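Here the structure is laid out as structure tokens; the discussion comes afterwards.
The values are calculated or read from the model by the stated rules, or taken from the named source; none is laboratory data. These figures come from a predicted structure and were not determined experimentally. In this analysis, Cβ positions are derived from the backbone assuming ideal geometry, glycine residues included, and neighbour counts consider all displayed protein chains.
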Amino acid sequence: MSALLLLVTAFTGLCVTFVGLFLLCRRLDNYGFVDVAWSYAFALLAGFYALGGSGWLPRRGILATMAVLWSLRLGTHLLRRVAGHHPVEDGRYVQLRKDWACNFGPKMFGFFQLQAASVALLGVPFLLPVTNAVTVLHPLEIAGTALWFLALSGESLADAQLAAFKRDPGNKGRVCDAGLWRFSRHPNYFFEWLIWVAYFLFALGTPWGWLAVIGPASILFLLLNVTGIPLTEQQAERSKGDAYRRYQATTSAFLPWFPKKLP
């Protein structure tokens, strides 16, 4: 298939899939499962592109492997968290119920369709390289693969450290500031963004690969301004109060850096 046909087919399938997911979440009365589905959707998308692309098979295989492993790890991590708290809904969606109270159903349906569109848009780094027929890896593709491994390891470590902190009953109500969390309030988000930078680097080995900048640029904007850090920190301030505000005063929000000392 051509790149355009792959994109149109994938987008149509994603829209239909997220309609079904919306109906399921409404039945469960827990819209937090959309985060899980969003993460898993990239594995399906990358697999579809790899199978339908006409480029060099090893390149398609490497890219699909990176995308699928990342997608399954993130999706499974979120599934355990969301299912473990069900029927209690993630605080972000509880807040959306309040904000959209006057017209909640249609707005949430539109939100789910935006999630489908975001998967198709962010999937551009997975689409372009599968059309590349060059039978040798570009140095940027090798660099992208190396950065992906580093970033995935960092994100996995950050998630494991936070999970271990929460498992300790003595830490109830406290702020996790150990390990990577000592240097960043959101190290998991930072390494998540680096993963998308890695996909962008890989795509640069293909003509028109610079279009894949939409991936890391969009993720960075969302993490810093929309659904990432702002909503997470609002929830943390509500639940942990002054302890979290002290953490904010000493620790970098995103980029890992040495903590400040309070006056």
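In the set Phe126, Phe109, Phe149, which member is surrounded by fewer than 19 Cβ atoms within 10 Å (Cβ to Cβ), in contact with a helix residue (DSSP H, G or I) (Cβ under 7 Å, 6 or more places away or on another chain) and aromatic (Phe, Trp, Tyr)? Write out each step before concluding.
Numbers: Phe126 fails: surrounded by fewer than 19 Cβ atoms within 10 Å (Cβ to Cβ); Phe149 fails: in contact with a helix residue (DSSP H, G or I) (Cβ under 7 Å, 6 or more places away or on another chain).
One residue alone meets the criteria, Phe109.
How many residues are surrounded by 17 or more Cβ atoms within 10 Å (Cβ to Cβ) and within 20 Å of Ala249 (Cα to Cα) if we restrict to the range 183-204?
Counting residues in the range 183-204 that are surrounded by 17 or more Cβ atoms within 10 Å (Cβ to Cβ) and within 20 Å of Ala249 (Cα to Cα) gives 7.
Of the residues Gly154, Gly105, Gly170, which is of a type outside the set (A, V, I, L, M), in a helix (DSSP H, G or I), under 30 Å from Phe18 (Cβ atoms) and in the same structural domain as Leu223 (by TED's automatic domain parsing)?
Working: Gly105 fails: in the same structural domain as Leu223 (by TED's automatic domain parsing); Gly170 fails: under 30 Å from Phe18 (Cβ atoms).
One residue alone meets the criteria, Gly154.
Return the only residue of Leu121, Leu114 being in the same structural domain as Ser54 (by TED's automatic domain parsing), within 16 Å of the chain's Cα centre (by Cα) and either without any contact (Cβ under 8 Å) to a residue 24 or more places away in the chain or not in a helix (DSSP H, G or I) (or both). So that I can check it myself, show each step before the final result.
Values: Leu121 fails: either without any contact (Cβ under 8 Å) to a residue 24 or more places away in the chain or not in a helix (DSSP H, G or I) (or both).
Testing whether each residue is in the same structural domain as Ser54 (by TED's automatic domain parsing), within 16 Å of the chain's Cα centre (by Cα) and either without any contact (Cβ under 8 Å) to a residue 24 or more places away in the chain or not in a helix (DSSP H, G or I) (or both) leaves just Leu114.
Inspect the range 90-101 for any residue being of a type in the set (A, V, I, L, M, F, W, C), surrounded by 13 or more Cβ atoms within 10 Å (Cβ to Cβ) and modelled with pLDDT under 90 and give the result as yes or no. Lay out the reasoning, then the answer.
At the first step, the residues of the range 90-101 found to be of a type in the set (A, V, I, L, M, F, W, C) are 94, 96, 100-101.
Right, trim to surrounded by 13 or more Cβ atoms within 10 Å (Cβ to Cβ) and you get 94, 96, 100.
Now drop any that are not modelled with pLDDT under 90, which leaves 94, 96.
Scanning the range 90-101 turns up at least one residue that is of a type in the set (A, V, I, L, M, F, W, C), surrounded by 13 or more Cβ atoms within 10 Å (Cβ to Cβ) and modelled with pLDDT under 90.
Residues checked against (1) among the β-branched types (Val, Ile, Thr); (2) free of Cβ contacts under 8 Å to residues at least 60 places away in the same chain; (3) more than 21 Å from Trp70 (Cα to Cα):
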| site | (1), (2), (3) |
| --- | --- |
| Phe190 | no, no, no |
| Pro207 | no, no, yes |
| Leu220 | no, yes, no |
| Thr227 | yes, no, no |
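Residues checked against (1) more than 18 Å from the chain's Cα centre (by Cα); (2) modelled with pLDDT of 95 or more; (3) surrounded by 20 or more Cβ atoms within 10 Å (Cβ to Cβ):
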{"site": "Tyr40", "(1), (2), (3)": "no, yes, no"}
{"site": "Ser54", "(1), (2), (3)": "yes, no, no"}
{"site": "Gly61", "(1), (2), (3)": "yes, yes, no"}
{"site": "Met66", "(1), (2), (3)": "no, yes, yes"}
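Conditions: (1) more than 17 Å from Cys176 (Cα to Cα); (2) of a type outside the set (Lys, Arg); (3) within 23 Å of the chain's Cα centre (by Cα). Thr206 meets all but one. Number of the miss?
Of (1) more than 17 Å from Cys176 (Cα to Cα); (2) of a type outside the set (Lys, Arg); (3) within 23 Å of the chain's Cα centre (by Cα), only one is false for Thr206: (3).
Take Ala212 and decide whether it is among the small types (Gly, Ala, Ser), closer than 26 Å to Leu4 by Cα, out of contact with any Cys (no Cβ under 8 Å at 6 or more places or on another chain) and surrounded by 15 or more Cβ atoms within 10 Å (Cβ to Cβ). Explain how you work it out, then say what you get.
Details: among the small types (Gly, Ala, Ser): yes; closer than 26 Å to Leu4 by Cα: yes; out of contact with any Cys (no Cβ under 8 Å at 6 or more places or on another chain): yes; surrounded by 15 or more Cβ atoms within 10 Å (Cβ to Cβ): yes.
Yes, satisfied.
Please determine whether any residue of the range 176-196 is part of a loop (DSSP other than H, G, I, E, B), among the aromatic types (Phe, Trp, Tyr) and modelled with pLDDT of 95 or more. Write out each step before concluding.
The initial filter retains those residues of the range 176-196 that are part of a loop (DSSP other than H, G, I, E, B), namely 176-178, 183-186.
With among the aromatic types (Phe, Trp, Tyr) added as a condition, the list becomes 183.
Keeping just the survivors that are modelled with pLDDT of 95 or more gives 183.
Yes - at least one qualifying residue is present in the range 176-196.
If Thr145 satisfies all but one of (1) part of a loop (DSSP other than H, G, I, E, B); (2) under 20 Å from the mean Cα position of the chain (by Cα), what's the number of the condition it fails?
The number of the failed condition is (1).
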